[in-house]
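The values are calculated or read from the model by the stated rules, or taken from the named source; none is laboratory data. Just so it is clear, the model here is predicted, and its values are computed rather than measured. Positions of Cβ are backbone-derived with ideal geometry, glycine not excepted, and every protein chain shown enters the neighbour counts.
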Protein chains: 2
Amino acid sequence: MALHKKFMSHAIRLSITKMVEGKGGPFGAVVVKNGKIIAEGFNKVTSTNDPSAHAEVVAIRNACKKLKSFQLTGCEIYTSCEPCPMCLGAIYWARPDRVYFANTREDAANIGFDDQFIYEEINRSIQKRKFKMKQFMRKEAMRAFDLWKKKGDKVGY
Amino acid sequence: MALHKKFMSHAIRLSITKMVEGKGGPFGAVVVKNGKIIAEGFNKVTSTNDPSAHAEVVAIRNACKKLKSFQLTGCEIYTSCEPCPMCLGAIYWARPDRVYFANTREDAANIGFDDQFIYEEINRSIQKRKFKMKQFMRKEAMRAFDLWKKKGDKVGY
């Protein structure tokens, strides 16, 4: 439990110090492997003009770079807030063993962030979403998928 | 309609050529503003060891860099496949006007990608997910949110 608290405290510390420095929103995260922090991340959306630069995505990118792998097998992520759908998606693609979080999506909504709204939208069918999406040219695009199926030297992920 | 087709054809072309070159999965995307392609993206997960480097996220990052903004107001995204939850989340945070897509999440599942599985998982409560997540230290983490609320010079997003 002491180690758990140490890792989460590190993530929380990032969420405070980097936000105070003006890097972005109040969110921090660390990636742990074999009982050690191997990478950290904090929100830098507004300071780097990258809407995908949430704490978890940044921490995942840094950890993958360090491990020279696109998978985080055997790793755990500690994040100061429940991941938004983008970050949760990134976590599923990176496949760590487990995630620990502190604040919730409702807490994030209460200070003006869209996490809860995006969760609601993603759960709706495309027709019922507020955000407009339209499908066309599937036939042409399927060629890429057919070629992928047949590709002999593909690297799956 | 001719312009729409031109933009989507560009995204589809990326999904084929870059995949054949071994950059990653069969996915491409472009960001359009004022009737012109301002940025493109293709999947480069396996070639750059970045699980977040899906076509849409890469295109969004490139477009934001070009516009020097963390918002894509007035932009449209054309993607060769329905965005996965990570990419859809990134799209909500970037706030373009609209998204056009060609292949579907079911098409992606049929060639071995986890998009549909991740959509199902995200829709479940944390307790019912296959992937394990655990909450603790909310009280300590809330300090960051309290400070954010009071921060006078914050940049919202």
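Before moving on, here are some points about what is shown:
- Residue-level analysis places B:TYR78 outside the set of residues that are facing another protein chain (nearest Cβ under 7 Å) and of a type in the set (Ser, Thr, Tyr).
- Residues of the range B:69-95 satisfying the condition of being assigned to a loop (DSSP other than H, G, I, E, B) and not hydroxyl-bearing (Ser, Thr, Tyr): B:PHE70, B:GLN71, B:LEU72, B:GLY74, B:GLU82, B:PRO83, B:CYS84, B:ARG95
- B:MET1 being within 11 Å of another protein chain (Cβ to nearest Cβ) and at pLDDT 95 or above: no
- Qualifying residue in the range A:32-39 (condition: surrounded by fewer than 24 Cβ atoms within 10 Å (Cβ to Cβ), in a helix (DSSP H, G or I) and of a type in the set (D, E, K, R)): no
- The range B:89-108 - residue that is under 15 Å from A:ALA53 (Cα atoms) and without any contact (Cβ under 8 Å) to a residue 12 or more places away in the chain and, of those, farthest from the other protein chains (Cβ to nearest Cβ): B:TYR92
- Any chance A:GLU21 is among the charged types (D, E, K, R) and surrounded by fewer than 21 Cβ atoms within 10 Å (Cβ to Cβ): yes
- When each of A:SER125, A:SER52, A:SER47 is tested for being closer than 23 Å to B:LYS65 by Cα, more than 7 Å from every other protein chain (Cβ to nearest Cβ) and of a type in the set (Gly, Ala, Ser), the lone residue that passes is A:SER47.
- Among the criteria (1) more than 25 Å from B:TYR78 (Cα to Cα); (2) of a type in the set (Ser, Thr, Tyr); (3) free of Cβ contacts under 8 Å to residues at least 40 places away in the same chain, the one A:SER125 does not fulfil is (1).
- Residues of the range A:57-68 satisfying the condition of being at the interface with another protein chain (Cβ under 7 Å from one of its Cβ atoms) and part of a helix (DSSP H, G or I): A:VAL57, A:ILE60, A:ARG61, A:CYS64, A:LYS65
- Within the range A:113-157, the set of residues being in contact with a Lys or Arg (Cβ under 8 Å, 6 or more places away or on another chain) and assigned to a helix (DSSP H, G or I) comprises A:ASP115, A:GLN116, A:TYR119, A:GLU121, A:TRP148.
- Against the criterion of being touching a Phe, Trp or Tyr at 6+ places or on another chain (Cβ under 9 Å) and of a type in the set (Phe, Trp, Tyr), A:PHE117 qualifies.
- Of all the criteria given as (1) at the interface with another protein chain (Cβ under 7 Å from one of its Cβ atoms); (2) closer than 25 Å to B:VAL45 by Cβ, the one not satisfied by A:ILE111 is (2).
- Taken over the range B:49-81, the criterion of being within 14 Å of the chain's Cα centre (by Cα), over 19 Å from A:GLY89 (Cβ atoms) and of a type in the set (Lys, Arg) is satisfied by no residue.
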